[in-house]
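Written below as structure tokens is the structure these notes are about.
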Amino acid sequence: MFNESNNDNGDSTVASNPAPVRTNLTRSSHVSLRPTGSVSARSTTGTKANGIDDRRTPEAKNSTNSSSRPSGRTGDSSSSYRDQNSSRGISSSRGPRPSGPRSGGNNRRPMPSPVSNLKMNVSGDAPTYATKTSENQELLAEKLQTLAMGRDGSKFTPHGNESQGHINPALINGPSMQSASPDIFGENPIVRLIPLGGVSEIGMNMTVLECGDDIVVIDTGLAFANEKMPGVDYIIPDTDWLEQNRHKIRGVIYTHGHLDHIGAAPYILPKLGDVSIFGMPLTLALLKNRLEEFEMSNKIRGYLLSIDKPLQLGCFKFQFFRLNHSIPDVVGVCIDTPMGRIMYCTDWKFDHNPIDGRPSDYGKIAKFGAEGVRLLLSDSTNALVPGYSLSEKEISKTINDIFKSRKQGKIIIATFSTLIGKMQQIINACEMTNRKLVIMGRSMVNNFNISFQLGYIRVPKGMVITDQEMRRYRDEEITVLTTGSQGEDNAGLAKMARQEHPSIKLEAGDLVLLSNSVIPGNENDVAHLTSSISRLGVDVINNKMFDIHSGGHAKQEDLKMMIGLCRPDYFQPIHGEHFMLVKHGEIGESLGIPHDHIIITDNGRITELNSHSVDLKDEHVTEKYVLVDGNGVGDVSAEVINDRQLLSKEGVLIIVMTINKNKQIVGNPEIISRGFVYMKSAGDLVESIKSYISTSFESEISPVTDDAADYFSTLRTNIKRSVGNFIFKKTEKEPMILPVVVQI
Ligand SMILES: [Zn+2]
Ligand SMILES: [Zn+2]
């Protein structure tokens, strides 16, 4: 069910000459991520460009453009692990010190910012292990330029005539005084803070700031569906309200590259009109890759943030500070608003020995705190866990110990492809124990390539090998990094467990390391997978070190330290289930924040900052989620299939069918329904669906393609379409159809 890349087939590997980060800009599309951008070059902006409503699923898009599949072996690129061993780096060029306004009662509107605020230089953001030369700086700039423009040299073009919507004054002339209604910027401006996700669950992080005619969005994440949502892979925030106000949006800031922060971008950004996005280099590169998986046919301008350069968007001034987490390039945001300063601490922990050598910016946080913080928002994921968070150095030691203890057999590690920090730790452990590394799974390969090319991963010469080259080495010289830790049927690990993998044969003596965190709903799949692996005589370790949530998030003592550094007037815990927010609130209270200054909010609920207080309003802009069927391979209609009401009204129909090696249907399909109202009253409907599938399999359903990789996705698409039509004709209902195809 859960697939980080939606289309992982587990077969791609990294070649020793890695393919460049692919761009695949279609003729009508520009996903341009520009390290520097002359905003004044744009004449107008559009709310709706060509293809913006393209809502086909990623799979559908991929299936129509097979060139979007990354290939690990098209490496004619000049970059290779052999010659780019030393990462490129850049010297830090600091801009003038920002002078943040004092918090509280700041009724004066900041001066409009010049356009040049948006021309961000690529500076100050290289990993510290890089050598600092200006040449390297150029290299990184060039690399990012390449990312921005695509290998084919397609350049960003101003929107010109296609635009039909608003002109975003903040982006063209700085914030426009005239655009604000007078009462908003009179004596008592009001700032509204609205979490659209992330405060009633883990994941789906998205926050909106609004003041007058200015809106800035922070993150557009997804959450994984729970077991109560059959067939649903993701939940994303409901953005109806935001869409209605999209003319006010001055930009979307991304704090880091995890899916619970960037994952909903392909669904949400197109609905926000002509929007500019901002993020650190790795974040934007991962986001760009995410958008390309969906072949986003819209125009999204990406601007690189520089950690030391403030950013003015509308009446909001943003300053950034570095935080540790399980991925590099995480930023916290200090936001100066007309109603005082807000500190936004996304996923974070304090780590004095982080794997990339860059601890959190304690000094900056303390300085921002000393200048006065009206409202602190901080990560509550581990608010129930006492103590300090583990340093990456300790985590490395655990991984190293596991490696050292294995004198024989392969080591196979299945984890999430976005845990970039873990990749480096695995590389280090391989180096220490003289193992070669084979990387498998599309998203793993993609994210590895991106991180390597941007210099976030250091790889010793010759360490990463292809699956072909693997045959030249003994088992105890091999480590395999793969996706599929959630038991996904078609991912590399499941194939290995079934002994169907083309290049990896699991044998007694091998070790499989699995992530401990199982996304709700996947428990059975994972248990089944674990059993099949151990039946082969392979050792399986469920390891916390490869979890998404452990390790990367601050525990109680760190949370206290953050509150202590910021010394906020008000405190709003974010990122967590309600009970985690409450616990985090209690921690704040124990440090002296008055009880009525602790704001436990809900998705969609408005917090208002005015001149005398910060108030939690009863008003919600939304109380809904949007459910996404990421499994809906190639569904020609919407990828955002349904909200909960629709799901419960129309129900779900799961069709389980078996095909043999010759691609013939075996036996009768099985049909399972949930909430599909016609099932009880019409048992013969089930029979008619079954016989429809059996009789029309050859003519209507069976894919024409011979391409093995496309076969199953096309098959599922065909089932959904033709069975969907059949059911609609009979019942005028459109249940969600989930085909499950078993091959024997
Ligand atoms: Zn994260
Ligand atoms: Zn997160």
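The values are calculated or read from the model by the stated rules, or taken from the named source; none is laboratory data. In this text, all values refer to a predicted model and were calculated from it rather than measured experimentally. With ideal geometry, Cβ positions are generated from the backbone for all residues, glycine too; neighbour counts draw on all protein chains shown.
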List the residue pairs whose Cβ atoms are under 9 Å apart, where the first residue sits in the range 558-576 and is more than 22 Å from residue 193 (Cα to Cα), the second is of a type in the set (S, T, N, Q) and away from ligand 2 (no atom under 16 Å from the Cβ), and the two are 6 or more positions apart or on different chains. 560/590
Odd one out for residue 406, checked against (1) closer than 30 Å to residue 541 by Cα; (2) in the same structural domain as residue 321 (by TED's automatic domain parsing); (3) touching a strand residue (DSSP E or B) at 6+ places or on another chain (Cβ under 9 Å): (2)
Those residues of the range 338-390 which are within 16 Å of ligand 2 (Cβ to nearest atom) and of a type in the set (Val, Ile, Thr), in sequence order: 346, 381, 385
Picked from the range 371-380 (must be within 16 Å of ligand 1 (Cβ to nearest atom) and touching a helix residue (DSSP H, G or I) at 6+ places or on another chain (Cβ under 7 Å)), the residue farthest from residue 335 (Cα to Cα) is 380
Could you please give the count of residues in the range 717-744 that are surrounded by 23 or more Cβ atoms within 10 Å (Cβ to Cβ) and of a type in the set (S, T, N, Q)? 1
Residue 426 fails exactly one of (1) touching a residue at least 60 places away in the same chain (Cβ under 8 Å); (2) buried (at least 22 other Cβ atoms within 10 Å of the Cβ); (3) of a type outside the set (Ser, Thr, Tyr); (4) within 21 Å of residue 349 (Cβ to Cβ), namely (1)
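Counting only residues that are within 16 Å of ligand 1 (Cβ to nearest atom), among the β-branched types (Val, Ile, Thr) and crowded, with 24+ Cβ neighbours inside 10 Å, how many does the range 202-225 have? Write out each step before concluding.
Step one: filter the range 202-225 for residues within 16 Å of ligand 1 (Cβ to nearest atom), giving 202-207, 218-224.
Adding the requirement that they be among the β-branched types (Val, Ile, Thr) leaves 202, 207, 218, 220.
Retained after the next criterion (residues that are crowded, with 24+ Cβ neighbours inside 10 Å): 207, 218, 220.
Number satisfying all stated conditions: 3.
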Looking at 395, 427, 402 in this structure, which one is part of a helix (DSSP H, G or I), modelled with pLDDT under 95, more than 16 Å from ligand 1 (Cβ to nearest atom) and more than 21 Å from the chain's Cα centre (by Cα)? 402
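Only one residue in 277, 300, 307, 262 is within 11 Å of residue 219 (Cβ to Cβ) and away from ligand 2 (no atom under 14 Å from the Cβ). Which one?
Details: 300 fails: within 11 Å of residue 219 (Cβ to Cβ); 307 fails: within 11 Å of residue 219 (Cβ to Cβ); 262 fails: away from ligand 2 (no atom under 14 Å from the Cβ).
Step by step, each of 277, 300, 307, 262 is checked, and only 277 is within 11 Å of residue 219 (Cβ to Cβ) and away from ligand 2 (no atom under 14 Å from the Cβ).
Can you name every residue in the range 322-337 that is of a type in the set (S, T, N, Q) and either away from ligand 2 (no atom under 13 Å from the Cβ) or at positive phi (or both)?
Residues of the range 322-337 of a type in the set (S, T, N, Q): 324, 326, 337.
Selection gives 324, 337.
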Boolean, residue 464 is away from ligand 2 (no atom under 16 Å from the Cβ), surrounded by 24 or more Cβ atoms within 10 Å (Cβ to Cβ) and over 21 Å from the mean Cα position of the chain (by Cα): yes
Filtering the range 308-354 down to residues that are within 16 Å of ligand 1 (Cβ to nearest atom) and polar (S, T, N, Q), which residue is farthest from residue 193 (Cα to Cα)? 326
Residues being of a type in the set (D, E, K, R), buried (at least 22 other Cβ atoms within 10 Å of the Cβ) and assigned to a helix (DSSP H, G or I) - total across the range 348-376: 0
Yes or no: the range 290-297 includes at least one residue that is within 16 Å of ligand 2 (Cβ to nearest atom), crowded, with 24+ Cβ neighbours inside 10 Å and of a type in the set (A, V, I, L, M, F, W, C). no
State which residue pairs qualify: first residue without any contact (Cβ under 8 Å) to a residue 40 or more places away in the chain and inside the range 236-264, second residue assigned to a helix (DSSP H, G or I) and within 16 Å of ligand 1 (Cβ to nearest atom) in any location, beta carbons under 9 Å apart, and separation of 6 or more residues or different chains. 252/265; 254/261; 254/262; 254/265; 254/283; 254/284; 254/287
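Going through 633, 582, 621 one at a time, which residue ends up being at pLDDT below 75 and surrounded by 15 or more Cβ atoms within 10 Å (Cβ to Cβ)?
Numbers: 582 fails: at pLDDT below 75; 621 fails: at pLDDT below 75.
Checking each option against the conditions leaves just 633.
Residues checked against (1) at pLDDT below 75; (2) on the phi > 0 side of the Ramachandran plot; (3) crowded, with 18+ Cβ neighbours inside 10 Å:
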site: 653; (1), (2), (3): no, no, yes
site: 668; (1), (2), (3): no, no, no
site: 677; (1), (2), (3): yes, no, no
site: 694; (1), (2), (3): no, no, no
site: 699; (1), (2), (3): no, no, no
site: 715; (1), (2), (3): no, no, yes
Residue 417 passes all but one of (1) more than 16 Å from ligand 2 (Cβ to nearest atom); (2) within 21 Å of residue 496 (Cβ to Cβ); which number fails? (1)
Of 294, 321, which residue is closer than 17 Å to residue 261 by Cβ and either at pLDDT 95 or above or charged (D, E, K, R) (or both)? 321
Among the residues in the range 295-306, are any closer than 26 Å to residue 363 by Cα and either of a type in the set (Gly, Ala, Ser) or within 15 Å of ligand 1 (Cβ to nearest atom) (or both)? yes
Note on the range 533-556: residues within 23 Å of residue 256 (Cα to Cα), of a type in the set (D, E, K, R) and either assigned to a helix (DSSP H, G or I) or without any contact (Cβ under 8 Å) to a residue 12 or more places away in the chain (or both) are 544
Hey, any hits in the range 454-468 for a residue that's aromatic (Phe, Trp, Tyr) and under 21 Å from residue 283 (Cβ atoms)? yes
